[in-house]
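Have a look at the structure below, then the notes.
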Amino acid sequence: MYDVLIIGCGVTGAAAAFELSRYRLRVGIVERENDVALGTTKANSAILHAGYDPEPGTLMARLNVRGVELARELCQKLDVPYRPCGSLVLAFSEEERPALEELYRRGQANGVPGLKLLDGAVARSLEPNLSETVVAALHAPSAAICSPWEYCLALAETAVKNGAELHLNTAVTGLERTSGGWTVRTTTGDFEARFVLNAAGVDAAGVHDLAAPHSFDIRPARGQYYLLDKSEGGRVSRVIFQCPSAAGKGVLVAPTVHGNLIVGPDSEKVEGNDTATTGDGLRFVRETARKSVPSVSFRESIRNFAGVRAASGRPDFILEESAPGFIDLAGICSPGLSAAPAIGEYAAELLAKAGLVLERKDDFVCQRRRTRFKELSPEERAALVEREPAFGRVICRCETVTEGEILEALHGPIPPVSVDGVKRRVNAGMGRCQGGFCGPRVVDLLARELHKSPAEIVQDQAGSWLLDRQTKSGFLPPPEGGNTVQPEGGAKYV
């Protein structure tokens, strides 16, 4: 019997698990995919918003500002790439200036620090590549960028290290109220829990309807992006927004923590988790972005992708007990990444109000470190290679990722089982060639360490095989003195 079972392990579910792992509770997480962060969390703008956009008095406003405060500390403790770069919202005419003034008013009411209204000349002095048509801007120095999938992974790994049990490839098929709480029926068996948190993202309404009368819809909105090469990474140093509209915060131009430039998204209603990219959508992104930064070179694109946001029909996050012991964490669209750790705190408050006793652990571990070989000094590299020769073998040339880093990930609390799972953990395949050189070598390492045939290795989600499965390849032996992967921290993989 779990004290709390969390459905979904995107950044919201991971943040809830992280927060609850502080307490003397038995916490479980069920995730239908073969890894964490495989929904909206892996395909978004990677922005930690300052908090001037949400309507004052809403949960969005409160948890956005609290969340970015927590993120600053958490990213440092959990070794997540993070940069406090600030943001600018642009006005291109005098008619748009009142929109900036309204955002400034909201930001003041929400407690956003350091907000300033600037004229166009001052904005261009901060960002010389801005369009000459910019007449005013709102500067928010507290905005930041991070690596969203690693943020989610770090929260989930820390929860696992503190005793949470993660069940991957486990889709929820039913919910039944019992005298002691809930029976959660899944594709891998039944789970008993006193309390259930619904953090199922795009599927949150469907999960809710298994437990309580229908009360909200999720209206998926797809956003398409360009990821540009590092040669474009210095085009701007801040997140550049346009005045928001009813469709959202609009097309942005922003640096990434990995040194690239990200541009997007558009906004289009879709059915389900449709992450296809389209010529019309990408054309809109290009044309709209050039209004802000005309000199962006889209010839330097190394990848296009799309993410689906779990917008609901309500103007706020849906964070509420919808049935006895069943709590929705739903409708988490932007600023969901920004608010995630604060949503975790709020979920704990809701559980306490519902009767769950929260007793703090004395031995809670809130530290995480991973090796980034290319960031080490020459002396540190030499010493590491002398100690662990696998760090002397570069697998990904674009990002200078070594075999040792991949092996660390494969022996971590939540080991990857796919090529993209390795990519999200150590950046192999994140560079200009997008895995053209290192992809086959990563497949070999996964096959060797997991004792599988290369034909069994997937690109990302279950079923995305890379090789002909009729090929009968032998298992690759582990390196001399090596072992098969053993997860740390008591994680359970189903």
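Need one number for the stretch 259-360: average projected area of the convex hull over its C-alpha atoms, nm². All intermediate terms of the calculation are to be shown ahead of the outcome.
Details: hull surface 39.8 nm².
Spelled out: convex hull of the Cα atoms, projected over all directions, averaged, 10.0 nm².
In µm²/s, what is D for the stretch 421-470 at 25 °C and 0.890 mPa s, where D = kT/(6 pi eta Rh) by Stokes-Einstein and Rh is the Kirkwood radius from Cα pairs?
Working: Rh = 11.2 Å.
Rounded to a whole number, D works out at 219 µm²/s.
In whole angstrom, note down how far apart the Cα centers of the stretch 293-369 and the stretch 222-243 are.
Cα centroid of the stretch 293-369 versus Cα centroid of the stretch 222-243: 23 Å apart.
Starting from the residue with the highest accessible area, list Arg72, Arg194, Arg299, Arg448 in decreasing order, probe 1.4 Å.
Order by accessible area, largest first: Arg299, Arg72, Arg194, Arg448.
In the chain, if the dipole is taken from +1 on Lys/Arg beta carbons and -1 on Asp/Glu beta carbons about the Cα centre, which of Gly421, Gly272, Val293 is farthest to the positive end?
Going by the charge dipole, the pick is Val293.
With a probe of 1.4 Å, find how much accessible area the chain has per residue, and write the answer as a whole number in Å². Working shown, then result.
Details: 19830 Å² over 494 residues.
That works out to 40 Å² for each residue.
Tell me, for the chain, which Cys residues have no other cysteine's C-beta sitting closer than 4.7 Å.
When partners are defined as cysteine Cβ atoms under 4.7 Å apart, the chain leaves Cys9, Cys75, Cys85, Cys146, Cys152, Cys243, Cys333, Cys366, Cys398, Cys433 without one.
What longest range of the chain stays clear of loop-exposed GluC sites (Glu not before Pro) (DSSP non-H/G/I/E/B, at most 11 other C-beta within 10 angstrom)?
Result for the longest clean stretch: 133-270.
Specify the inter-centroid distance of the stretch 1-60 and the stretch 61-76, based on alpha-carbon positions, in whole Å.
A separation of 13 Å, based on Cα centres.
With Cα extents along the principal axes in Å as the read-out, I listed (i) 84, 47, 45; (ii) 166, 60, 37; (iii) 65, 57, 44; which label goes with the value calculated from this structure?
Among (i) 84, 47, 45; (ii) 166, 60, 37; (iii) 65, 57, 44, the one derived from this structure is (iii).
Quick one: 3J(HN,Hα) in Hz for the stretch 285-293, Karplus 6.51/-1.76/1.60 with θ = phi - 60°, rounded, Gly and Pro as x.
Once rounded to whole Hz, the list reads 4, 4, 5, 6, 5, 5, 5, 7, 10.
To the nearest 20 Debye, how big is the dipole of the stretch 44-112 about its Cα centre, given +1 on the beta carbon of each Lys and Arg and -1 on that of each Asp and Glu? List each step's numbers first, then the result.
Working: 8 positive and 10 negative charges, 76 e Å.
Dipole of the stretch 44-112, to the nearest 20 debye: 360 debye.
Grab the alpha carbons of the stretch 57-135, take their convex hull, and tell me the volume per residue in Å³. Mind dumping the intermediate values first?
Numbers: hull volume 8.5 nm³, N = 79.
Per residue, the Cα convex hull of the stretch 57-135 comes to 108 Å³.
Note down the magnitude of the dipole of the stretch 221-285 about its Cα centre, charges +1 on Lys and Arg C-beta and -1 on Asp and Glu C-beta and zero elsewhere, to the nearest 20 debye.
On the way: 7 positive and 7 negative charges, 59 e Å.
Charge dipole of the stretch 221-285: 280 debye, to the nearest 20.
Quick one, can you get me the convex hull of the C-alpha atoms of the stretch 381-432 expressed as volume per residue in Å³?
Numbers: hull volume 3.5 nm³, N = 52.
Hull volume over Cα atoms, normalised by residue count, gives 67 Å³.
Farthest toward the dipole's positive end in the stretch 150-294, which of Thr186, Ala211, Gln224, given Cβ charges of +1 (Lys, Arg) and -1 (Asp, Glu) about the Cα centre?
Working it through, the farthest residue towards the positive pole turns out to be Gln224.
Give the Debye-formula value of log10 I(q)/I(0) at each listed q (0.16, 0.22, 0.26 Å⁻¹), with one equal scatterer per alpha carbon of the stretch 31-72, two decimals each.
The Debye formula, applied to the Cα set alone, gives -0.55, -0.80, -0.89.
Let me know the Rg and Dmax you get for the stretch 1-129 when you use only its Cα atoms, in Å.
Over the stretch 1-129's Cα set, Rg and Dmax evaluate to 18.7, 62 Å.
Ignoring everything except DSSP H segments at least 4 long, calculate the 222 nm mean residue ellipticity for the chain; use -39,500 (n - 2.57) per segment, divide by total residues, nearest 500. The partial results should precede the final answer.
Values: 12 runs with 142 residues, N = 494.
Value at 222 nm, helices only, nearest 500: -9000 deg cm²/dmol.
Would you mind giving the average projected area, over all directions, of the Cα convex hull of the stretch 78-187 in nm² with one decimal? Each step should come with its number before you reach the end.
Values: hull surface 49.4 nm².
Computing the convex hull of the Cα atoms and averaging its projections yields 12.3 nm².
With +1 assigned to the C-beta of every Lys and Arg and -1 to the C-beta of every Asp and Glu, and no other charges, what is the dipole magnitude of the chain about the Cα centre in debye, to the nearest 20?
On the way: 56 positive and 62 negative charges, 139 e Å.
Computed about the Cα centre, the dipole is about 660 debye.
Would you work out what percent of the accessible area of the stretch 2-145, with all protein chains in place, is carbon or sulfur (probe 1.4 Å)?
C and S fraction of accessible area: 50 percent.
Output the pairs from Lys161/Lys452; Lys77/Lys423; Lys374/Lys423; Lys42/Lys374 with a Cα-Cα distance over 18 Å in this structure; if there are none, say none. Don't skip to the end; give the middle numbers.
Values: Lys161/Lys452 26 Å; Lys77/Lys423 22 Å; Lys374/Lys423 15 Å; Lys42/Lys374 23 Å.
Exceeds cut-off: Lys161/Lys452; Lys77/Lys423; Lys42/Lys374.
Calculate what fraction, in whole %, of the accessible area of the stretch 189-341 sits on carbon and sulfur atoms when a 1.4 Å probe is rolled over the protein chains. Numbers along the way, then the final one.
On the way: 2750 of 5680 Å².
Roughly 48 percent of what the probe reaches on the stretch 189-341 is carbon or sulfur.
The values are calculated or read from the model by the stated rules, or taken from the named source; none is laboratory data. The model shown is predicted, which means the values in this text are computed figures rather than measured ones. Cβ sites come from the backbone with ideal geometry, for glycine too, and all protein chains shown count toward neighbours. Keep in mind that these areas ignore ligands, DNA and RNA; they rest on the heavy atoms of the full protein, side chains included. Shrake-Rupley method; radii C 1.70, N 1.55, O 1.52, S 1.80 Å.
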